[in-house]
Structure formats: structure tokens, C-alpha cells
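Engineer: First the structure, then my questions, so here it is.
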Amino acid sequence: MVGIVIVSHSQKLAEGVVEIAKMMADNIPIAAAGGMEDGSLGTSYDKIYDAIDSVYSDDGVIILVDMGSAAMTAEMVMEDMSGRQNIQMLDCPLVEGAILAAVELSDGHTLETLVERIEDSRVMLKF
Amino acid sequence: MINAEKVVAIIYAIAERIKAEKDFLTQLDNEIGDGDHGINLARGFKSVEEKLPSLADKDIGAILKGVGTQLVSTVGGASGPLYGTAFMKAGNACKGKTELTAEEFAVAFNAAIGGVKMRGKAVEGEKTMLDALCPAYKAIKAGIDAGKDFVDALADGVNAAAAGVEYTKTIIATKGRASYLKERSLSHQDPGATSSLYMLQTMLEVLQRR
């Protein structure tokens, strides 16, 4: 099953997004990588690396990020994991994207299908 | 000629400079960012200082790569991946070298800038560190090509970087956290361009020492 990693500058935000996503699908491998090692705001290479490690399988992993250094640091982790296939960072709204991904992936859909569908999360109206 | 010993001295001096300017850099970032540039970079370079003794006897490429990987894993903000990639790409260009000619420095500096552009997906004119680094590179390269002594070419580079920092006050940010501020980012000096200037200034000061 494709795994999901949520990267944020905030540990609480990443864990909160994971919590919400699990409400939709509690059988998916999903990990939070938010904040620095000491819990302060920022992006941690090691946390991202460990999170991907924890949910990785041959089916792949998708990475969702909040902004800026979350994307850049995740990109560097991915470069260092170039031996592994199917790790992809997706550009989408963090909460809506995580929920959509959780629903799609728990249905057993592939990473490729999700990549096509993730654009839907951009236009989901909040109200 | 810059040897490995000089490179290590420059890195130590940069670490000291960044620590000294931590509050000012943070203040700049408070005005148009999330207020952590100085704090983050100081943390990163403190860990670089701690790592340097284990790197000091290696070739220049290994030293620069070591600095880069340390920055990526400790800075915590955008300057981590950006400066980290810059030092790593420069390190790749200096692989196995124990001395750099002026031309080799220029190649490494250009590789560093290429790394920043690739990682940050920015170009000049977006109010970033590139607005100090790119003019600095052009001035240094022009000086070297004109046959100037390397230190004189580097001095030209520092002047160009300083002008670049002033230039950032006149443009709106289209990259990074400051881009959320749009017009409100005008008249503010970019923190990343400023820290880049400090690094170049420090390199010049170390090389000017007799």
C-alpha cells in the first residue's frame, strides 16, 4: 500500500493532519514529519527521512508539504533515497490533499492514479 | 591559491560573523519573513564549527560537502537546503582538491549558485540570496578573466554583492515567505542576500590577512 508522509514546519500541524486523514482511512501507512527534533518550528531532514522509512514499501510513498523549506528538505531526502522507487512529492493543499490521498490509497489505488486525482483537492470548496 | 587550511579558516570566520549578526539577520526576517533567519543560520554554523575539526584534514571538496550536509540537517529553515546545496555543489566541484586556483574557485562558486537556483527554483530579481550571489559571481569572474589578482577580484565581488543587497530593497519578493507580503516587502533588505554578503565579506577579510 502506498504510504503518506506529511511534512510541516509545525510538529502539531503535521500530527493534526495525520489525525484527520486517519479519520477517513485508518488502515493506511501515514507518518508525520513536522517541526525540529526538539519540537520547535522548522523542517528536519532526519524526521522526514525517518518518516519515509517508516511507511515505505515497493508501492511507494507520497509526500505532502506545507511550504518552502518543507519541500526543499523533502526533495533533498528524496535525492538521498534515489535507490528507492516511487517516492513522489505532490503539490496540493495540505489538509484536503491528505484526506483525498487517504481515501484513494486505502481503496488500494496506485500512486499513479493518485497523482492524477490530487488536482481535485485544489478545487474542493470549504463551504 | 586557496588551500584547505585557508578554507577551514574562512568557514570558522563565517561562523563567527553569522553568530555576531544573528540578531540583525533575525530582525530583517521579522520584517518580511518568519523571523528566524539569523537564529537558524547561527544554529547551523554552530554545528558546522563543531564538525570542522573532523573535516579539517580532508580535501577542500570534502570540507565543503561536510559543511553543506551539516547545514541541511541543523538549520531548520529555507537557508538550510539552500546554503546546504550551495556548499555541497561547490564541494563536488572541488572533489579531491587541496588547493584552488582563482579559476577553480569561480567554477565552484558558479556550481554553488546553480545549486541554489535548482533547489529554490528562483532566479535573480525575486528578492533572494541570488541577488547578492549572482552579481558577486559576475564581478569575480570578470576580474579573474581580466587578469586581476584573486583577492582584488573577490573585493569586486563583495562590492557587487553589497550593491545587490541594496537592490533587494527596491523590489518585491516573489519567492519565499516574503512573497506572501507582496508590496509590503518593498523597502526591506532581504535577509538571505544579507547573509550571503556577510559570507563573501568574511572570505575577503580572511584572505586579506597577512
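Engineer: For a quick check of understanding: with a 1.4 angstrom probe and all protein chains in place, what accessible area in square angstrom does residue B:187 have, to the nearest ten?
Structural biologist: So the heavy atoms of residue B:187 present about 90 Å² to solvent.
Engineer: Could you give me the ³J(HN,Hα) list for region A:88-96, computed from phi with Karplus coefficients 6.51, -1.76, 1.60 and θ = phi - 60°, whole Hz, x at Gly and Pro?
Structural biologist: So the J values, rounded to whole Hz, are 9, 8, 10, 8, 7, x, 5, 6, 4.
Engineer: What is the sum of charges, Lys and Arg at +1 and Asp and Glu at -1, for the other residues whose Cβ falls under 13 Å from the Cβ of residue A:30?
Structural biologist: -3
Engineer: Turning to a different aspect of this structure: Name the residues of region B:97-120 whose accessible area, probed at 1.4 Å, falls by at least 20 Å² once all protein chains are in place instead of their chain on its own?
Structural biologist: B:119
Engineer: Quick one: plug the Kirkwood hydrodynamic radius of the protein assembly as shown (C-alpha pairs) into Stokes-Einstein at 20 °C, 1.002 mPa s, and report D in µm²/s.
Structural biologist: In µm²/s, the coefficient rounds to 103.
Engineer: While we're on this one: Going by Cα centres, region A:13-74 and region B:1-44 are how many Å apart?
Structural biologist: 29
Engineer: If you take every DSSP beta bridge whose two residues both sit in the protein assembly as shown, what share of them, in percent to the nearest 5, is antiparallel?
Structural biologist: Close to 10 percent.
Engineer: Total accessible area buried between chains B and A, 1.4 Å probe, in Å² to the nearest 100?
Structural biologist: 1200
Engineer: Using only DSSP helix segments of four residues or longer, with each worth -39500 (n - 2.57), what per-residue ellipticity at 222 nm results for the protein assembly as shown after dividing by its residue count and rounding to 500?
Structural biologist: That calculation yields -20000 deg cm²/dmol at 222 nm.
Engineer: Label residue B:187 and residue A:1 with points 7 Å out from Cα along Cα→Cβ: what is the distance between them in nm?
Structural biologist: Between residue B:187 and residue A:1, the simple spin-label model gives 5.5 nm.
Engineer: So if each residue of separation counts as 0.36 nm, and I subtract the Cα-Cα distance between residue A:58 and residue A:26, what length gain in nm does that give?
Structural biologist: Separation in residues times 0.36 nm, less the Cα-Cα distance, equals 9.5 nm.
Engineer: Oh, and also: 7 Å from Cα along Cα→Cβ at both residue B:123 and residue A:67: what's the point-to-point distance in nm?
Structural biologist: Result: 2.4 nm between the two label points.
Engineer: Compute the FRET efficiency between residue A:113 and residue B:172 as 1/(1 + (r/R0)^6), taking r as their Cβ-Cβ distance and R0 = 41 Å, and round to the nearest 0.05.
Structural biologist: 0.55
Engineer: Given a 10 angstrom Cα cut-off, can you work out which residue in B:77, B:114, B:147 is the most mobile in a GNM of chain B?
Structural biologist: Maximum among the listed residues: B:147.
Engineer: Using square roots of five times the C-alpha gyration tensor eigenvalues, list the equivalent-ellipsoid semi-axes of chain B in whole Å, biggest first.
Structural biologist: One finds semi-axes of 26, 20, 15 Å for chain B.
Engineer: Give me log10 I(q)/I(0) at q = 0.10 Å⁻¹ for chain A, Debye formula, one equal scatterer per alpha-carbon, no solvent.
Structural biologist: Reported log10 I(q)/I(0), two decimals: -0.26.
Engineer: Considering only the other residues whose Cβ falls under 14 Å of the Cβ of residue B:187, what net charge follows from Lys and Arg at +1 and Asp and Glu at -1?
Structural biologist: Its environment carries a net charge of 0.
Engineer: Also, quick follow-up: Report D for region B:102-210 in µm² per second (integer): Stokes-Einstein, Kirkwood Rh on Cα pairs, 25 °C, 0.890 mPa s.
Structural biologist: After rounding, the answer is 175 µm²/s.
Engineer: Quick one: which residues, 5+ away or cross-chain, put their amide H under 5 Å from the amide H of residue B:3? H built at 1.01 Å from N.
Structural biologist: B:100
Engineer: Next question. Given a Förster distance of 22 angstrom, what is the FRET efficiency for residue B:151 paired with residue B:16, based on the Cβ-Cβ distance and rounded to 0.05?
Structural biologist: 0.65
Engineer: According to a simple spin-label model (label point 7 Å from Cα along Cα-to-Cβ), what is the distance in nm between residue A:91 and residue A:46?
Structural biologist: Computed distance between label sites residue A:46 and residue A:91 equals 3.1 nm.
Engineer: Next up: Please list the non-local residues whose amide H lies under 5 Å from the amide H of residue A:5, H modeled 1.01 Å from N, same-chain partners needing a gap of 5 or more.
Structural biologist: A:31, A:62, A:63, A:64
Engineer: How much net charge surrounds residue A:120 when only other residues with a Cβ under 11 Å from its Cβ are counted (Lys, Arg +1; Asp, Glu -1)?
Structural biologist: Its environment carries a net charge of -2.
Engineer: Could you report the protein assembly as shown's accessible area per residue, 1.4 Å probe, as an integer in Å²?
Structural biologist: Result: 44 Å² of accessible area for each residue.
Engineer: In addition: Just tell me which lysines come within less than 23 Å, Cα to Cα, of residue A:22; anything on the same chain fewer than 8 places away is out.
Structural biologist: Qualifying lysines at Cα under 23 Å: A:12, A:47, A:126.
Engineer: Semi-axes of region B:10-98's equivalent ellipsoid from the Cα gyration tensor, sqrt of 5 times each eigenvalue, largest first, rounded to whole Å?
Structural biologist: So the equivalent ellipsoid measures 25, 13, 9 Å along its semi-axes.
Engineer: Still on this structure, please answer the following. Within the accessible area of region B:54-177, what % is carbon and sulfur when the probe is 1.4 Å and the other protein chains stay in place?
Structural biologist: Whole-percent figure for carbon plus sulfur exposure: 57.
Engineer: Lysines near residue B:169 by alpha-carbon distance under 30 Å, same-chain residues fewer than 8 away left out - which ones?
Structural biologist: Output for residue B:169: B:19, B:22, B:46, B:89, B:117, B:121, B:127, B:138, B:141, B:182.
The values are calculated or read from the model by the stated rules, or taken from the named source; none is laboratory data. This is a predicted model, so every value here is computed, not measured. Don't worry about glycine lacking a Cβ; one is built from the backbone with ideal geometry, like all the others, and counts go over all protein chains shown. SASA here: full protein model, heavy atoms, side chains in, ligands and nucleic acids out. Shrake-Rupley method; radii C 1.70, N 1.55, O 1.52, S 1.80 Å.
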